[in-house]
Amino acid sequence: MTGPLTAAGADRQVAARRAVEALRSGVPSRAAVAALGAAQTDIEDRFAALLDQVRDGPPGAPRPGGLLVGGGYGSGKSHLLEHLTHLAMQAGFVVSRVTVSKETPLYDPAKVFRAAAEGAMLPHGYERGSALAEAAAALDADSAAWVELSRWVNSPHSELNERFVATLLLFGRLGASDGELAEAIVRFWSGDPIRVADLRRRLRETGEERFALRAVPAHELARQRFRFAARLFAAAGYAGWVVLFDEVELIGRYSVLQRGRSYAELARWVRGDETDPHLPLVAVVAMTDDFEAAVVSGKNDRELVPTKLRARQTHEADETAARAELGMRVVDREMLLLAPPDAAELDRAYARLKELHGEAFGWDPPEVAGLERLGATRMRQYVRAWINEWDLVRLDPEFAPATEVVGEAVETALGYREDAELEGAERDDPTAT
């Protein structure tokens with residue numbers, strides 16, 4: 001019998017229970033991932049190398065795009081992304097998690113940017129929703145970082161709309177003394193529209209008449225916002241921006257044209273932005289490992305998608321078709337598969353969970369059998385079996401549990417049927433004002 005817990009001991013016990021409950025339910029919470037780790041050494045090493053290239057690479061060196069990772073249902077993709085979140089924040093990066101959904105379709109850069117901006121987390125804390133505002137507040141108009149940001153924004157090579165040049169100029173000149181203006185500018189950088197008439201008026205007040213402020217398509221403005229925000233984070237002292245995408249297999253349920261646009265966006269994220277090869281932006285895209293067979297090949301997308309896009313007979317559609325073909329090749333050839341747990345990893349996870357369960361419930365868990373170790377068994381199934389067996393023995397020390405896998409209620413094929421509810425509009429507003 002142990003004595004009463006100290007305050008620190010009680011806090012550790014609560015944290016351990018939270019981790020156990022998250023692991024039992026298969027939810028990759030921060031506590032659960034910290035307790036168990038990820039054990040995907042190859043992917044972790046590749047990810048760390050990308051971060052090093054951004055953070056420590058020589059000036060002017062090309063920057064990476066990202067990684068595409070794949071695994072079956074329950075193989076630990078979301079768990080891995082949470083682990084990579086922790087690694088990136090430890091390395092000084094701002095991190096966003098974007099889950100592809102009806103509200104955040106991959107083919108819509110404006111909605112993806114909004115989700116990434118609203119979910120961005122700074123390395124010194126996990127608060128969401130204010131990262132861009134905090135980074136903007138940390139900018140120093142007299143610093144070398146500001147000069148570099150301003151130089152890039154004003155360079156024709158940035159290929160940014162003049163709204164970014166104008167808002168950065170006003171933010172530097174008036175932001176400290178005009179809180180309302182500064183707030184409007186940060187909202188624009190974060191995805192909101194900004195009134196052109198108001199912007200022109202404020203520019204005239206500072207003697208600036210050179211900006212045409214032409215209209216720009218909403219999807220293109222969103223891509224420019226990603227590039228601008230990544231460099232703004234770097235100017236504010238962070239290493240860069242990491243965006244992690246989960247449940248990307250949902251694109252298999254889109255219409256043909258939307259799948260084509262999604263493949264094109266996937267290519268942008270994994271291969272990087274060729275217009276800005278020095279961008280401090282890294283992506284990890286996670287999807288199911290059967291996607292190529294079930295969708296790219298299964299739906300004949302290699303032929304159907306480019307044909308459907310090029311039938312529109314526009315320059316933009318031709319560019320999207322070429323990029324969609326690249327995206328499908330990325331899915332086919334560049335997916336990094338999650339490794340199934342080997343004997344050593346299962347032993348390590350079992351020992352760590354045994355210790356965690358003991359800390360959570362104040363006892364000394366006995367050895368339990370868990371599941372038979374088979375190649376098709378997922379780590380989450382092993383974890384759930386061990387935890388459930390310890391729970392039963394804790395309640396009845398004489399009980400001898402035996403767990404069998406009946407099967408998880410998942411029908412992957414159903415997840416790739418086209419869903420009319422995911423259609424939405426072909427585009428949001430064609431221009432941003």
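Evaluating residue 363 against the criteria (1) within 19 Å of residue 25 (Cα to Cα); (2) among the aromatic types (Phe, Trp, Tyr); (3) open to solvent by 50 Å² or more (accessible area, probe 1.4 Å) leaves one unmet condition, (1). Report those helices (runs of 4 or more DSSP H) wholly inside region 303-421 carrying at least 2 residues which are among the polar types (S, T, N, Q). In region 303-421, 379-395 are the helices (runs of 4 or more DSSP H) which contain 2 or more residues that are among the polar types (S, T, N, Q). Within region 42-55, not a single residue is modelled with pLDDT under 75 and either in a helix (DSSP H, G or I) or more than 22 Å from residue 363 (Cα to Cα) (or both).
Any residue at all in region 88-107 that's among the aliphatic types (A, V, I, L, M), over 19 Å from residue 236 (Cβ atoms), open to solvent by 20 Å² or more (accessible area, probe 1.4 Å) and at pLDDT 95 or above? No, region 88-107 contains no residue that is among the aliphatic types (A, V, I, L, M), over 19 Å from residue 236 (Cβ atoms), open to solvent by 20 Å² or more (accessible area, probe 1.4 Å) and at pLDDT 95 or above. Selection of region 158-213 for residues being of a type in the set (Asp, Glu) and under 29 Å from residue 111 (Cβ atoms) yields 159, 162, 180, 183, 192, 198.
Taking every residue in region 113-130 that is part of a loop (DSSP other than H, G, I, E, B) and pairing it with any residue that is among the polar types (S, T, N, Q) and modelled with pLDDT under 95, at least 6 positions away or on another chain, the pairs with Cβ-Cβ distances below 8 Å are 123/90. Scanning region 193-205 for residues that are part of a helix (DSSP H, G or I) and not basic (Lys, Arg) yields 196, 197, 198, 199, 203, 205.
For region 17-35, taking the residues that are in a helix (DSSP H, G or I) and surrounded by fewer than 16 Cβ atoms within 10 Å (Cβ to Cβ), the one that is modelled with the highest pLDDT is identified as 21.
For region 281-309, which residues satisfy the criterion of being open to solvent by 10 Å² or more (accessible area, probe 1.4 Å) and within 22 Å of residue 157 (Cβ to Cβ)? Within region 281-309, 281 is the sole residue that qualifies. Residue-level analysis places residue 305 outside the set of residues that are aliphatic (A, V, I, L, M), touching a residue at least 40 places away in the same chain (Cβ under 8 Å) and under 30 Å from residue 27 (Cβ atoms).
Pairing residues of region 137-158 that are of a type in the set (A, V, I, L, M) with residues that are assigned to a loop (DSSP other than H, G, I, E, B) and open to solvent by less than 90 Å² (accessible area, probe 1.4 Å), at Cβ distances under 8 Å and at least 6 apart in sequence or on separate chains, gives 138/236; 138/237; 139/236; 145/139; 145/236; 145/237; 149/139; 153/160. Among residues that are surrounded by fewer than 18 Cβ atoms within 10 Å (Cβ to Cβ) and either touching a strand residue (DSSP E or B) at 6+ places or on another chain (Cβ under 9 Å) or modelled with pLDDT under 95 (or both), residue 82 is not included.
Would you please name the residue that is farthest from residue 135 (Cα to Cα), looking only at residues in region 214-271 that are open to solvent by less than 10 Å² (accessible area, probe 1.4 Å) and part of a loop (DSSP other than H, G, I, E, B)? Among residues in region 214-271 that are open to solvent by less than 10 Å² (accessible area, probe 1.4 Å) and part of a loop (DSSP other than H, G, I, E, B), the one farthest from residue 135 (Cα to Cα) is 254. Given the structure, is residue 286 small (Gly, Ala, Ser) and under 25 Å from residue 103 (Cα atoms)? Considered against the rule, which asks whether it is small (Gly, Ala, Ser) and under 25 Å from residue 103 (Cα atoms), residue 286 comes out as yes.
Here are 333, 329, 310: which of them is among the basic types (Lys, Arg), over 28 Å from residue 41 (Cα atoms) and at pLDDT 95 or above?
Only one candidate passes the filter, namely 310.
Residues in region 162-192 that are outside any helix (DSSP H, G or I) and modelled with pLDDT under 95: 175, 176, 177, 178.
The values are calculated or read from the model by the stated rules, or taken from the named source; none is laboratory data. Treat the numbers as computed from the prediction; the structure is a model and nothing was measured. FYI the Cβ positions are ideal-geometry reconstructions off the backbone, even for glycines, and counts take in every protein chain you see. Just so you know, the surface numbers come from the protein's heavy atoms only, side chains and all, with ligands and any DNA or RNA stripped out. Shrake-Rupley method; radii C 1.70, N 1.55, O 1.52, S 1.80 Å.
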